[in-house]
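**Q** Got a structure for you, questions after.
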Amino acid sequence: MTAEAIPVGLLPEIAADLSVSEADVGLLVTIYAAVAALTSIPLTAVTMQVPRRRLIAIGMSIFGLSQLASALAPTFELLVVARLACALAHGIFWATVAPIAFRLVRPGQGGRATAWVFLGNSLAIVVGVPVGTALGQYFGWRVVLAALAVGGALCVVGILTQLPALPPLPGDLRTSAWQRQRNAVLVLRSRPLVAVALATIVLMTGLFSAYTFLAPLVRRNAGLEGPALSALLLGFGAAGLVGNWFIGRWVDRRPGPLLKVLIGVMIAALALLVPALGPAPTIVAVLAWGAAMTASPVIMQAAVLRVAPQSADAASAVYVVAFQIGIGGGSFLGERIVRAGYLDVLPGVGLSLAAVALAIVFLARTAFPSRLSTAPALEAPASETDAAAPPNFSWFQNPNHLLVSSHYAAPAPYHDFRPVAYRDVTEPWWHPQESPR
């Protein structure tokens, strides 16, 4: 996330060094998001037979190499090419990381696990973007990208030494690449999933149209630059940490009302940024925006896995596509508006699209229910006799109160989320040798 968003904080430095406009640098975010969106679903389907740990490690290796290439890029065109390589790994990473988190926890804790995963987003904004912005201003933007390359290498080591192997699901090993691609498309027949994706696209388009040019907006409204701008970006992310902590406690209980409140907060914050009210109102608006914007994807990602529990990887890939369309579309929309000389219009555009997203959330009651009942924790069979007895898990229901599966077993990281038509329902969903304990 730091690598994707770092051009936001280093627009002036990159533009000056490569002799391009700030609007051109803003396109780095747009192009990155477009490639991630276009490749997420097909690459996720193709890589379903790759063990999860190996897949994440390969993705992080590509990330580190692309950051090193970006740091050494002598021209803007080569910088774009290097970021495209990173975007390829980005789509796969975010399509698989949430299902991995769900495989490592008990039922009823998936939303909290997602919140922990998305804590990385908050830390990227709290630590990555502001620290990267400060380092870029003092030592140059190339130093920042080189540091990200080193960080990527350290992450590869951590993944290989700390993450369980998480082999592919047995059913995926028996499915052809073409069938996996087909399954990834068939998941779009889920109306709740389409509702989540549509709300994500509209909301993120509005938010990133303004967020991509947050530095010029703050400069216009509050006159903040240099260290003061870095401090405000730090506050933006710190507020997001608070939002993530709060959401992690309630996302598995009241997702609908929480998301409505968060979108309402973002609409109010963007409304405060429409006029140039000075430093104090601008700082309050940016902090409120940061808390809500960082927390809202947690609810949406958890909703995706809740409405499509049998197709987690494919559904997550759809969500990644929707999110990246929102980022890329918002960045492109903001670039067009800024290039036309209407920077002051961006907050109004953002709050208008956020209002449309709020209407979608109100209408999509299945995707964003007012209340969820938390499923009790399960234990693995204590003996072979217990394992042979068919368990009664009729209480494990989706928001439509339909039984998901009588073969669901809890603590193991093997959850077969594929459509029933493409899996063997007699296949056990737990593997004692892979117990996360």
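Bear in mind these aren't lab numbers, they're just calculated from the coordinates by the rules spelled out. All of these numbers come straight from a predicted model, not from anything done at the bench. Here Cβ is always computed from backbone atoms with ideal geometry, including for glycine, and neighbour counts include all displayed protein chains.
**Q** If we count other beta carbons within 10 Å of each Cβ, what is the order of M266, M60, fewest first?
**A** Fewest to most other Cβ atoms nearby, the residues stand as M60, M266.
**Q** Here's a follow-up. How large is ³J(HN,Hα), in whole Hz, for each residue of region 353-358 in order, when computed from phi with the Karplus curve 6.51 cos²θ - 1.76 cosθ + 1.60 and θ = phi - 60°, using x for Gly and Pro?
**A** Listing the rounded values in order: 5, 5, 5, 5, 4, 4 Hz.
**Q** Now for a separate question. Which of the peptides 199-212, 269-282, 151-164 is most tightly packed, and how do the rest follow, going by the mean number of other Cβ atoms within 10 Å of each residue?
**A** Descending mean neighbour count gives 199-212, 269-282, 151-164.
**Q** Could you give the size of the charge dipole of region 218-314 about its Cα centre, using +1 on the Cβ of each K and R and -1 on the Cβ of each D and E, expressed in debye and rounded to the nearest 20?
**A** Value, rounded to 20: 220 debye.
**Q** Expressed as a rounded percentage, what relative contact order does region 2-363 have, with Cα pairs under 8 Å and six or more residues apart?
**A** 30 percent.
**Q** Within 10 Å, count the other beta carbons around each residue, average over each peptide in 223-233, 255-265, and list them highest first.
**A** Per-residue Cβ counts within 10 Å, averaged per peptide and sorted highest first, yield 255-265, 223-233.
**Q** With θ set to phi - 60° and the Karplus curve 6.51 cos²θ - 1.76 cosθ + 1.60, what are the ³J(HN,Hα) couplings of region 250-255 in order, to the nearest whole Hz, using x for Gly and Pro?
**A** 10, 5, 8, 10, 10, x
**Q** Would you grab the residues whose amide H sits under 5 Å from the one on L224? Only those 5+ places off in sequence or on another chain, please, with H modelled 1.01 Å from N.
**A** Result for L224 returns R219.
**Q** Okay, moving on. Counting other C-beta atoms within 10 Å, which of Y319, Y138 has the fewest, and how do the rest follow?
**A** Fewest to most other Cβ atoms nearby, the residues stand as Y138, Y319.
**Q** Looking at G223, A199, S209, which one has the Cα that reaches farthest to the positive end of the dipole of region 2-363 (charges on Cβ: Lys, Arg +1; Asp, Glu -1)?
**A** Value computed over the given set: A199.
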